[in-house]
Amino acid sequence: MAQLAVTESSAGIYLLEGELNRSTVAHSEAVVALQKNHKNTNENGVVLLDMQGVTHADTAGLAWLMNFLKSNLQQNIRCELRNIPESLIK
């Protein structure tokens, strides 16, 4: 099982790397850190998740992502996703 890492590359831009699935979402310190720091936005007032480094995603990863987006929307924080993995799109 590959771990999930979240790195803030610059203000409000977060790089996700590894597996986004039931095992990693439930036990990832990176996800907890992202949820705490997600109010950091880029110069356009947007939180950007770059998912280029996600090697595998399942329905649990999709559920976490949907809840993350919903939580931000409720707080009037705009989010954008980039490089969404094919496994998540399907």
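The values are calculated or read from the model by the stated rules, or taken from the named source; none is laboratory data. Being a predicted model, the structure only gives us computed values, none of them experimental. Every residue, glycine among them, receives a Cβ derived from its backbone with ideal geometry; neighbour counts consider all protein chains shown. Note: accessible area is taken over every heavy atom of the protein model, side chains too, but ligands, DNA and RNA are not part of it. Shrake-Rupley method; radii C 1.70, N 1.55, O 1.52, S 1.80 Å.
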Complete set of residues in the range 72-81 that are modelled with pLDDT of 85 or more and surrounded by 12 or more Cβ atoms within 10 Å (Cβ to Cβ): ARG78, CYS79, GLU80, LEU81
Filter result (open to solvent by less than 20 Å² (accessible area, probe 1.4 Å) and more than 11 Å from the chain's Cα centre (by Cα)) within the range 47-69: ALA57
Members of the range 6-43 found to be open to solvent by less than 40 Å² (accessible area, probe 1.4 Å) and modelled with pLDDT under 70, listed by number: ALA30, VAL31, HIS38, ASN42
